[in-house]
Structures are given as C-alpha cells and as structure tokens.
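The values are calculated or read from the model by the stated rules, or taken from the named source; none is laboratory data. Keep in mind that what you see is a predicted model, and the values were worked out from it rather than measured. No Cβ is skipped: glycine too gets one built from the backbone with ideal geometry, and neighbour counts run over all protein chains shown.
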Amino acid sequence: MKLITGFFMAWGNFCAIPCPWKLWDENARDLMLVMFPLVGVIIGMIWYGMYWIFYYLGMPIPLFAALMTAYPFLVTGFIHLDGFMDCNDAILSRRPLAERQRILKDSHVGAFAVITAVILFMVFWGAMWSLLEMKSPLRMWCLSMVPVLSRAMSARAVLAKRPLSTSQYQRSFQKGAAYQGIPCFIWLAAAAVMVVEGILLEGGLAMDGRTMLLCGLTPAVTAACQLAASLISGVYARKQLGGMSGDIAGYMLVWSELAAVVSLLMVF
C-alpha cells in the first residue's frame, strides 16, 4: 500500500497532469522517490502518442518539433527546468562555495539561467526537428522510455548521495540505502524494453542476427548516453555545490533527456 501511496505522491509532486488520487503520507516520502521513475512511464507514453497523433495530422515539422520539445517541460510544470536553471546560475557564477549555495537557493532568475535555458531549447528543438525528418518509428519509440531512464538516475542520486544541509531530502538520504537499488533495477528494465521493442519494431524474429543487433544498437546507445549524461552532470554539480539536492536532480534529469534526443541522431 505504501508503494501505491508513494507512486501517487510522486505523480502529484512531479507531474502537471492532474493526479486522480491525491494522497500524502510523510512516512512514504522516500518511497515517493523510489516510484518517481514510474511517473516517467506515463510521461513517456504520452510523448510517444503525441508523435503519432501529430504525424497523422500532417503537422508541419517546425511546429511538430516545437510541440515535441515543449511537452517534457510543460508536463512537469517546469519543475526540473527550474532546478536546471538554478544550478547553472550558481555553478557558472564561479563564486566561492558558500556564495554558490546561496545563489542556488535564491528565487531570482540570473543571466546564466536564462542563457543556458535558451541554448537548451535551441539544441533540443534542432535535434527534435532532425529526428522527425528521419521518420523512424524505432527512434521515436525510444522517447517513450527516455523519461523513465532520466528519473531513475535522478531518484537514485537523491537516495544515495550526501545531500546539502538545506536540502529537503535529508531524511530520504538517511533511509535511502535500503531503496537505492530499486531505481537502478527500473533503469535496467526500461533500457531492456527499449532494446527489445526496437528490435521488434524493425521486423522482429524474421531478421537475421546481424540486423537484430543493429536495430538494438540505437536504443542501447541512447540508454548509455543518458546514463553518462546523468552521471557526469550529477558528479559535476555535486562537486560544485557541495552535495545533492532536488535542484541537482532536476539538473541531471534535463541533461539526461537532452543527451537522449541528441544521441538518437548518432546511430544510422
């Protein structure tokens, strides 16, 4: 029952889609993070469904790409983008650690946050445009699992890494050792689904071994790039800011999803 409560808590906190069952149990706060990747299943499947709806409507590619780019930020109420911008403001200030931590908690938006957000959307939109021009169901299918992978790594980091003294996740870190393996398992399961479904989408069992390997390569590379982007951005942000926080989790998540979309252009 607590896992179900944790799932709906995660939905209500980290997704702008109205939650059908509003629950809150302070004792399930750590399970909210454990179930966070499963919210990504909902977000990812809607993202993939949007692709087919807009495709069959014959939407012009520039507008198509803009809507597909905006969706993952709109559906979360920009909460993770906020963390991304806050971290960039603090890190790029190049001030002493105490000052960087103060900037991280400052509610004002700085120039570095705006500049990096603009660059983020430019690259995301350009990559999405290029991706849509390929008209590849396999590549677009990968989008359905991208939010699961990004959230699994962010959740694991919050549960396993030492938090900032100002972080709301102090308690989750203290109890997180018992749960940190679950997001990792969800990540592996989502990556496996990406690879298997990618093979099936491209012809399934009728293909020879070499062709199946090539069809599984695109989702495997995407998962690997997401993992690398999440780990690298997380290590860098924690080193620059002195610990883990919700803002850093958002920073990792945004970098991970950007890496996924760009990586889908890399395998031919």
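Count, please, the residues in segment 132-142 that happen to be assigned to a helix (DSSP H, G or I) and over 17 Å from Ala223 (Cβ atoms).
So the answer is 4.
Across segment 179-198, what is the total count of residues that are surrounded by fewer than 18 Cβ atoms within 10 Å (Cβ to Cβ) and over 12 Å from Met145 (Cβ atoms)?
3
Could you run through segment 235-268 and say how many residues are within 17 Å of Gln101 (Cβ to Cβ) and in a helix (DSSP H, G or I)?
Residues meeting the conditions: 12.
Could you check segment 143-216 for helices (runs of 4 or more DSSP H) lying wholly inside it with 2 or more residues that are of a type in the set (A, V, I, L, M, F, W, C), at pLDDT 85 or above and in contact with a helix residue (DSSP H, G or I) (Cβ under 9 Å, 6 or more places away or on another chain)?
146-160, 181-201
Considering only segment 8-37, state which residues are aliphatic (A, V, I, L, M), touching a residue at least 60 places away in the same chain (Cβ under 8 Å) and buried (at least 20 other Cβ atoms within 10 Å of the Cβ).
If the condition is that a residue be aliphatic (A, V, I, L, M), touching a residue at least 60 places away in the same chain (Cβ under 8 Å) and buried (at least 20 other Cβ atoms within 10 Å of the Cβ), then Leu31, Leu33, Val34 are the ones that fit.
Here are some conditions: (1) of a type in the set (Val, Ile, Thr); (2) more than 30 Å from Met32 (Cα to Cα); (3) modelled with pLDDT of 75 or more. Val221 meets all but one. Which one does it not meet?
Tallying (1) of a type in the set (Val, Ile, Thr); (2) more than 30 Å from Met32 (Cα to Cα); (3) modelled with pLDDT of 75 or more, Val221 fails exactly one: (2).
In segment 90-106, is there at least one residue being at pLDDT below 90 and under 30 Å from Ala192 (Cα atoms)?
no
Within segment 79-131, track down each residue that is surrounded by 15 or more Cβ atoms within 10 Å (Cβ to Cβ) and assigned to a loop (DSSP other than H, G, I, E, B).
Correct list: Leu92, Ser93, Gly110.
Quick one: is Gly44 part of a helix (DSSP H, G or I), modelled with pLDDT under 90, in contact with a helix residue (DSSP H, G or I) (Cβ under 8 Å, 6 or more places away or on another chain) and not aliphatic (A, V, I, L, M)?
no
Any residue that is modelled with pLDDT of 90 or more and farther than 19 Å from Leu149 by Cα - is there at least one of those in segment 18-38?
yes
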